[in-house]
1. Suppose the filter is among the small types (G, A, S) and either modelled with pLDDT under 95 or surrounded by 15 or more Cβ atoms within 10 Å (Cβ to Cβ) (or both); does A11 pass it?
2. Kindly indicate whether G83 is more than 16 Å from L12 (Cβ to Cβ), modelled with pLDDT under 90, of a type outside the set (A, V, I, L, M, F, W, C) and in contact with a helix residue (DSSP H, G or I) (Cβ under 8 Å, 6 or more places away or on another chain).
3. Got a number for residues in the range 62-79 being touching a Leu at 6+ places or on another chain (Cβ under 9 Å), touching a residue at least 24 places away in the same chain (Cβ under 8 Å) and surrounded by 17 or more Cβ atoms within 10 Å (Cβ to Cβ)?
4. Could you please find all residues in the range 8-52 being in contact (Cβ under 8 Å) with a residue 60 or more places away in the chain and closer than 14 Å to Q72 by Cβ?
5. Looking at the structure I just gave you, is L23 farther than 17 Å from S105 by Cα and touching a Leu at 6+ places or on another chain (Cβ under 7 Å)?
6. Within the range 91-109, can one find any residue that is in contact with a Leu (Cβ under 7 Å, 6 or more places away or on another chain) and exposed (fewer than 14 other Cβ atoms within 10 Å of the Cβ)?
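The values are calculated or read from the model by the stated rules, or taken from the named source; none is laboratory data. Computed from a prediction, not measured in an experiment: that's the story for all the values here. Methodologically, a virtual Cβ is constructed for each residue, glycine included, from the backbone with ideal geometry; neighbour enumeration extends over all protein chains shown.
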Amino acid sequence: MRIVRLVLSAALGTSALVGIQILATDYWLWSAAPTHAYGLMAFVALDLALILGVWRVTRLAMIGPLLTATFQFVAMLGDIIGGEPVGLPAAVFRNYLLADTAYVSLLVTQGVIMAIAIGTWALPHMHGHWPRPLRIVRN
């Protein structure tokens, strides 16, 4: 469990750092959608708090990162799919987001956090029904 906590902490830290980078460098975010910037600030604060929570609390600590990452992932996908700021066509905005390396990195990081949290919850519930590649590791 220690390795999982370390990997999850690293993923949450990466998410927080990329979020801080976006907040510090994306001036268009602040001018066009300040509410989205405030939302990203909240996600950065949650990521930092969850790093401590993963080490302090037992298995229930995996629910926090899973919920936060899922909510952020869905919100970011919503911006890609249906986001259309005033005065800007949706296709231009979508291309802007998908060309932003930090945005795509943050989106991928949320997927990684979800995979780690789901895997941490699911593997102990397999009760000996491990996939063949993982049997070698377990024995």
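1. Taking the combined requirement at face value, the residue satisfies it.
2. yes
3. 8
4. A11, L12, T14, S15, V18, G19, I22
5. Here the answer is no, as L23 does not meet what is asked.
6. no
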